[in-house]
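One structure is given here, and the rest of the page talks about it.
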Amino acid sequence: MTLPGGSLPWLTDLGRWIARVPYAWQFRIRVHGRDRVPLSGGVVVVANHSSMADGPILFGVLPRRVTFLIKQEMFNGVVGYLLGKIGQISVKRGEADRTALISALSVLKAGGVIGIFPEGTRGDGGVASAQNGAAWLAKTSGAMVLPIACRGTY
């Protein structure tokens with residue numbers, strides 16, 4: 001399975017539609033290079049993170065289901081429950097969260113897509129510093145690394 005255990009693929013697809021359609025209405029989203037996203041095999045998506053819109057937009061516009069590593073603080077209440085059901089993984093920032101990395105590794109080895117914002121937080125979009133999780137996942141799983149730049153969301 002290319003989503004973590006406990007995920008509901010139909011809910012993930014509904015979430016992707018919700019992330020894509022309202023944002024397309026509100027913003028002038030343009031995607032360049034969508035044809036370069038491999039349609040099979042493990043992929044580590046590495047993107048800059050300058051606004052709260054980056055994750056939902058990527059979740060909706062990528063041509064495959066993607067599991068993001070999302071800060072643990074987001075996994076509270078209804079939002080947290082839904083994040084888990086649409087296949088997202090809770091990660092403790094600022095430390096090597098072994099549980100999150102092993103879950104992400106299993107998604108990659110099953111041929112899935114993992115999305116990471118390597119700075120671990122929002123910034124100005126320049127990715128001034130990065131954590132090692134994305135590199136470790138790519139090296140350990142043998143997955144392809146797909147760099148993505150989100151522009152204009154800051």
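The values are calculated or read from the model by the stated rules, or taken from the named source; none is laboratory data. It should be emphasised that the depicted structure is a prediction, and the values quoted were computed from it without experimental measurement. Methodologically, a virtual Cβ is constructed for each residue, glycine included, from the backbone with ideal geometry; neighbour enumeration extends over all protein chains shown. Side chains are part of the model used for accessible areas, which takes the heavy atoms of the whole protein and leaves out ligands, DNA and RNA. Shrake-Rupley method; radii C 1.70, N 1.55, O 1.52, S 1.80 Å.
Estimated from the Cβ-Cβ distance and a Förster radius of 35 angstrom, the FRET efficiency linking V21 and V78 is about 0.95.
Considering only M74, V46, G6, and ranking their Cα positions along the charge dipole of segment 1-76 that arises from unit charges at the beta-carbon of Lys, Arg, Asp and Glu, the one farthest toward the positive end is V46. Checking the a/c ratio against 1.5 first, then a/b against b/c, what shape does the Cα gyration tensor give for segment 1-40? Cα axes put segment 1-40 in the oblate bin.
Note on segment 35-84: the C-alpha convex hull projects to 4.2 nm² when averaged across all orientations.
Springs between alpha-carbon atoms under 10 Å, Gaussian network over the chain: tell me which of P38, P56, P22 tops the mean-square fluctuations. Result for the chain, Cα springs under 10 Å: P22 fluctuates most.
GNM on the chain, alpha-carbon springs under 10 angstrom: the most fluctuating residue among V31, V78, V113 is V78. Take the Cβ atoms of K109 and M52, set R0 to 30 Å, and the FRET efficiency comes out at 0.50.
Could you state the accessible area per residue of the chain in Å², with a 1.4 Å probe and every protein chain left in place?
For the chain, the solvent-accessible area averages 58 Å² per residue.
Taking the 1.4 Å solvent-accessible surface of segment 21-64 as the whole, the part contributed by carbon and sulfur is 56%.
Per the helix-only calculation at 222 nm, which mean residue ellipticity applies to the chain, given -39500 (n - 2.57) for every DSSP H run of n ≥ 4 and division by its residues, nearest 500 deg cm²/dmol?
Result for the chain: -11000 deg cm²/dmol, rounded to the nearest 500.
By the rule of a C-alpha distance below 23 Å, with chain neighbours fewer than 8 residues away ignored, the lysines paired with K139 are K71, K92, K109.
With N as its number of residues, the chain has a Cα radius of gyration that, divided by 2.2 N^0.38 Å, comes to 0.96.
Per-residue extension of 0.36 nm, minus the Cα-Cα distance of R98 and R36, leaves a gain of 19.3 nm for this segment. Which percent of the accessible area of segment 80-119 is formed by carbon and sulfur heavy atoms (probe 1.4 angstrom)? With neighbouring chains kept in place, the figure for segment 80-119 is 54 percent.
Among V46, V79, V37, the residue with the largest mean-square fluctuation in a Gaussian network model of the chain, with springs joining Cα atoms closer than 10 Å, is V79.
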